[in-house]
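First up is the structure itself, then whatever we jot down about it.
The values are calculated or read from the model by the stated rules, or taken from the named source; none is laboratory data. For clarity, every value in this text was computed on a predicted model and none was experimentally measured. Note that each Cβ is placed from the backbone with ideal geometry, even for glycine, and that neighbours are counted across all protein chains shown. To get the accessible areas, we keep the full protein, side chains included, count just its heavy atoms, and leave off ligands, DNA and RNA. Shrake-Rupley method; radii C 1.70, N 1.55, O 1.52, S 1.80 Å.
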Amino acid sequence: MHIVEKKVKIGDVDPVELLGPNEQHLQLIENKFDTSITVRGDVVVLRGEPAEVRKIEQIFSELMHTLKRTGRLQVADVSMITDLVESDRAAAVPSSMSKEELDSVILWGKREMIRARTPRQMDYYMKVRSNDLVFCIGPAGTGKTFLAVAMALAALRANEVSRIILSRPAVEAGESLGFLPGDISEKVDPYLRPLLDALSDMVSPDKLKGMLEKRVVEIVPLAYMRGRTLNNSFIILDEAQNATRTQMKMFLTRLGRNSKAIVTGDVTQTDLPKKHESGLPDAERLFRGIRGIDFVHFDTADVVRHRLVAEIVAAYERSEALSASPEKAASRQ
């Protein structure tokens, strides 16, 4: 991937008016593109793919022209100019794609489009679009987390939300966090790394670094969510089978105004101590039928990783079914 750097001089206009209060206008532009945008005094530094850098350069040129002409910029002006310049992205769509395939596109990633590839993945996508809280339950490799992150980024780009919150329970599997080396960030990094990996597949390293530094994207352990109210956010709780009933209640009550949440998990891979009840199956029992909340269930037919992943999951399911059968149980007595 070819990366270029371009410096755009802010002309004889007020930088605060151009970038917006608290850089609101700048944030709106940043959300739309993968290019890293940094402001250094009266210079805007763009770093990304040449085609995107040219578009953003054009956007700033149009914004400065509008600001000189009218004396002020509103969010609606920035949105309109950004959308007009960005609109030719559709021209890059392969002509061979059917309407159904186009409708399944969730996000234009840094290397490829990310789309729903199975009927249940499409059902997942549609339910997230039409509900504020969706639970996605299924085995490894079905795209639960990857698609959730893609949908969150798509909502951010469309300015439907202003930030993304990604969380996971930090369940100790065999080792105590207190005995692991390093500070708290280093201790929890292995638990949160899969979320960061999913993001890294969709945005450039420079862009991701900027989003994390500006807290447009936050990746936090579930325990650190207590006491927060998350407005205008897209929130994802991953590996939710490892959240207790109390933790699940705490997480779900963080949901604020104009926010969406996705909860993903695999009820067959709970790492909680036996004395703790998983909050995931409990949530499904409690929330069935509540308007604005929906559920999606994946199975081995939806596995989109390596071909062998589906075979491995199926083999474990057969083994567990055999172990649980009355005949098997009787033969052990």
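Can you name the condition, by its number, that Leu46 falls short on among (1) farther than 23 Å from Lys68 by Cβ; (2) in contact with a helix residue (DSSP H, G or I) (Cβ under 6 Å, 6 or more places away or on another chain)?
Single failed check for Leu46: (1).
Taking the criterion of being touching a residue at least 60 places away in the same chain (Cβ under 8 Å), in contact with a Gly (Cβ under 7 Å, 6 or more places away or on another chain) and under 24 Å from Ile137 (Cα atoms), would at least one residue in the range 203-218 satisfy it?
For the range 203-218, residues touching a residue at least 60 places away in the same chain (Cβ under 8 Å), in contact with a Gly (Cβ under 7 Å, 6 or more places away or on another chain) and under 24 Å from Ile137 (Cα atoms): absent.
Please verify whether the range 46-55 includes one or more residues that are open to solvent by less than 60 Å² (accessible area, probe 1.4 Å), within 25 Å of Ile164 (Cβ to Cβ) and either in contact with an Asp or Glu (Cβ under 6 Å, 6 or more places away or on another chain) or part of a strand (DSSP E or B) (or both).
Yes, the conditions are met somewhere in the range 46-55.
Conditions: (1) surrounded by fewer than 23 Cβ atoms within 10 Å (Cβ to Cβ); (2) touching a strand residue (DSSP E or B) at 6+ places or on another chain (Cβ under 7 Å). Trp108 meets all but one. Number of the miss?
Condition not satisfied by Trp108: (2).
Are there any pairs, at least 6 apart or on different chains, whose C-beta atoms fall under 6 Å, with the first in the range 17-44 and under 16 Å from Leu212 (Cα atoms) and in contact (Cβ under 8 Å) with a residue 40 or more places away in the chain and the second among the hydrophobic types (A, V, I, L, M, F, W, C) and assigned to a loop (DSSP other than H, G, I, E, B), and if so, which?
What qualifies is Asp34/Val203.
Quick one: Gly289 ticks every box in (1) in a loop (DSSP other than H, G, I, E, B); (2) surrounded by 15 or more Cβ atoms within 10 Å (Cβ to Cβ) bar one, so which box is it?
(2)
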